[in-house]
2 protein chains.
Amino acid sequence: MGGDRGPTEIVKGGVDYARATGETVYLVGPREPVEAALRACGGSDAPVEVVPAADVIEFTDKINAIRSKRDSSIHVGTRLVRDGRAQGFVSAGHTGAVMFVSKVMYGVLEGVDRPALPAPLPRIGPGYTVLVDAGANVDCETEHLRQFAVMGMHYARRIFGVENPRVALLSIGEEDSKGNEMLRAVAPILRAANVNFVGNVEGNDLLTDKADVVVCDGFVGNVALKVGEGIAESIMHIIREESAKHLTRRIGAALMLPAFRSLKRKIDYAETGGVPLLGLKNISVVSHGRSSSKAITNALRVAREAQVGNMVGHMEMELRLLHQAERRLAL
Amino acid sequence: MGGDRGPTEIVKGGVDYARATGETVYLVGPREPVEAALRACGGSDAPVEVVPAADVIEFTDKINAIRSKRDSSIHVGTRLVRDGRAQGFVSAGHTGAVMFVSKVMYGVLEGVDRPALPAPLPRIGPGYTVLVDAGANVDCETEHLRQFAVMGMHYARRIFGVENPRVALLSIGEEDSKGNEMLRAVAPILRAANVNFVGNVEGNDLLTDKADVVVCDGFVGNVALKVGEGIAESIMHIIREESAKHLTRRIGAALMLPAFRSLKRKIDYAETGGVPLLGLKNISVVSHGRSSSKAITNALRVAREAQVGNMVGHMEMELRLLHQAERRLAL
């Protein structure tokens, strides 16, 4: 039921993935609308299975409401994973709810207080910058940001093959003296930690090659992501409008179509599909609220890759090694 | 000396403005580099005057350093305004320093604790959304955000002619329950205040028509602005690269050139030039750190319009009326 386009697009995404891979996809939600969506996309014969969940978490629900809806699709879905019946969970629903319920259901790895949501941002050149936290943790303390740095570093290494990821803080000036109270307090902690801390970067550096992991609290991260999306969409909209104004421009736009398509692929979140929450003992993938069926199919791929690549086991090991190294330093 | 391109571009911008308007422009800074820049741009015969300032405020300077450099170009320039020798001050330097020194030099209007920096963002359709604070105030309390709302409302009304500006909070969800601790505390204050509060907007709404004034703390505002700039530049860069790849695309891009120019004009901060700090008893205009001479010329125009339109007097009156209305409500 999650996302602005659920259940239609969500169910179709699951069906497409199941057909393409032959793997079983559980479609979790209130039976009637989910089955209707399944019929609507002609997916009744695909290797999917409807798992009923009576409650629906709304975007307006606060933590107590989320906690009490024990039969929500997020609860039922993560329970399937916890009990080993499924290998990963994907949701385009309430990000905070996915984080909260996953944390309760799976538990967090040693050394992690809160799971973090990474956002891999495609750079102008090759590669990605990982923004963490991208919206799962709104009010943070310095220790949380240190943990985001560590988990983001691990993610950049495992997913993007960056050997020694450069970690930076998202701030409003490059000097340590810039930033708000919390950032000024975090900088020395990261300098002392066992991470390759390269200092502050600014908002306009997110798509450049200055850092591999950019750390911020989830409020700032979410604002940054949404602003980026909004600007990208506005520019494409203005180009479309301007292009339609004269015949010569229309011809020009037609000739440039492959260039625009290539740009769209580069900035389209549907291509990524979703990102795994970091620091959990099992796999939950958060997908965009506006996810299309294609985004959901790709999000299911992300969940599968996290499972096949043993993301959780590797992160657990890395956190343990880091912990040991820091204890040695402290002795 | 301010900005990444000072003093060359700054001096040239002043010379161009002085020549175009016949008004006197004081070029404030260490005599030698300023006079060298003046000669370099062939502006020695323009109606400009070099006013020496021995100190230079660096981007790394903290508040105590700024305070002690009493002969900095920011101090000398704002002193010229305070003493009535000049009618407005423009700087592309350290925004925090311009705010701090202007506040000390001019004083703030009744009902204002801290001056605010507005950023007028061009919408996809006609009109502007005013983001306030755009980076002058990093660590804020709820009362500061209330004042930003009031000053932003006044700015939208005076500069963009919006009769009853809609005020919103920049958050990560439209419901009052979304956002960080501070935002959740500000929402009821704005609902009770004498402003047309329409609730929360998200980062991707900044360029839409959902609100006329969007309020946030200066840290979030600055990150949002810089992310927007970075994304816009990246997209233009990718389009340029993609366009150069094949002959047909190159032809297409050539035919579309007027469309791209029109887009660039729309998103180019040099077209705006600078924004006045709000809530001061006199005029200081903050220009972008990367300002070209054209941006500086336009920033001088902004200062002039603020002076001619009696921005300070109008804001003072409006704040007084608002204050009286709120007192009546409280009785």
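Return the single residue from A:Ser177, A:Ser291, A:Ser102 with maximal mean-square fluctuation; model: Gaussian network over chain A, springs between Cα atoms under 10 Å. Greatest mean-square fluctuation among the candidates belongs to A:Ser177. The loop-placed chymotrypsin sites (Phe, Trp or Tyr not before Pro) in segment B:38-134, going by DSSP, include none that has at most 10 neighbouring Cβ atoms within 10 Å of its Cβ. With the convex hull built on the Cα atoms of segment A:122-243, state its orientation-averaged projected area in nm². Directional mean of the projected Cα hull area for segment A:122-243 stands at 8.0 nm².
Of all lysines in the structure, the ones whose alpha carbon falls short of 25 Å from that of B:Lys294, not counting any fewer than 8 places away in one chain, are B:Lys12, B:Lys226, B:Lys264, B:Lys266.
With the simple model of a label 7 Å out from the Cα in the direction of the Cβ, B:Ala54 to A:Arg320 spans 6.5 nm.
The alpha-carbon atoms of segment B:182-331, seen along their principal axes, cover 73, 37, 24 angstrom, with the largest extent given first. Here's how it looks for B:Val50: its modeled amide H is under 5 Å from those of B:Leu27, which are all 5 or more places away or on a different chain. I need the shape label for the protein assembly as shown. Rule: rounded when a/c is under 1.5, else prolate if a/b > b/c, else oblate, with a, b, c from the alpha carbon gyration tensor. Since a/c reaches 1.5 and a/b is larger than b/c, the shape of the protein assembly as shown is classed as prolate.
Mean-square fluctuations from a GNM of chain A, with a 10 angstrom spring cutoff on Cα atoms, peak among A:Gly279, A:Gly13, A:Gly42 at A:Gly42.
Would you list the membrane-span-like helices of chain A, meaning whole DSSP H runs whose alpha-carbon atoms span at least 30 Å along their axis and whose mean Kyte-Doolittle value is at least -1.0?
Answer set is A:218-243.
The helix-only estimate of mean residue ellipticity at 222 nm for chain A, built from DSSP H runs of length n ≥ 4 each weighted as -39500 (n - 2.57), is -16500 deg cm²/dmol after division by the residue total.
GNM on chain A, alpha-carbon springs under 10 angstrom: the most fluctuating residue among A:Glu271, A:Glu163, A:Glu242 is A:Glu242.
Copy-to-copy label distances for B:Gly107, where each label lies 7 Å from Cα along Cα-to-Cβ, are 6.5 nm in order of increasing length. The mean number of partner chain beta-carbon atoms within 10 angstrom of a residue's beta-carbon across peptide B:244-255 is 5. Distances between copies at B:Ile124, taken between label points 7 Å from Cα along the C-beta direction, are 2.5 nm in increasing order. Under the shape rule built on the C-alpha gyration tensor, where the axes satisfy a ≥ b ≥ c, chain B is oblate, since a/c reaches at least 1.5 while a/b does not exceed b/c.
Just counting partner chain Cβ atoms within 10 Å, what average do the residues of peptide B:173-182 show around their Cβ?
Partner Cβ neighbours, averaged per residue: 5.
If you plug the beta carbon distance of A:Glu141 and A:Asp71 into 1/(1 + (r/R0)^6) with R0 = 25 Å, you get a FRET efficiency near 0.15. Between this copy and the others, label points of B:Met236 are 2.0 nm apart in ascending order, each placed 7 angstrom from Cα in the Cβ direction. Per residue of A:210-219, other chain Cβ atoms within 10 Å of the residue Cβ number 1 on average.
Only the coordinates and a few stated rules stand behind these numbers; no lab work does. Nothing here was measured: the structure is a model prediction, and the numbers come from that model. FYI the Cβ positions are ideal-geometry reconstructions off the backbone, even for glycines, and counts take in every protein chain you see.
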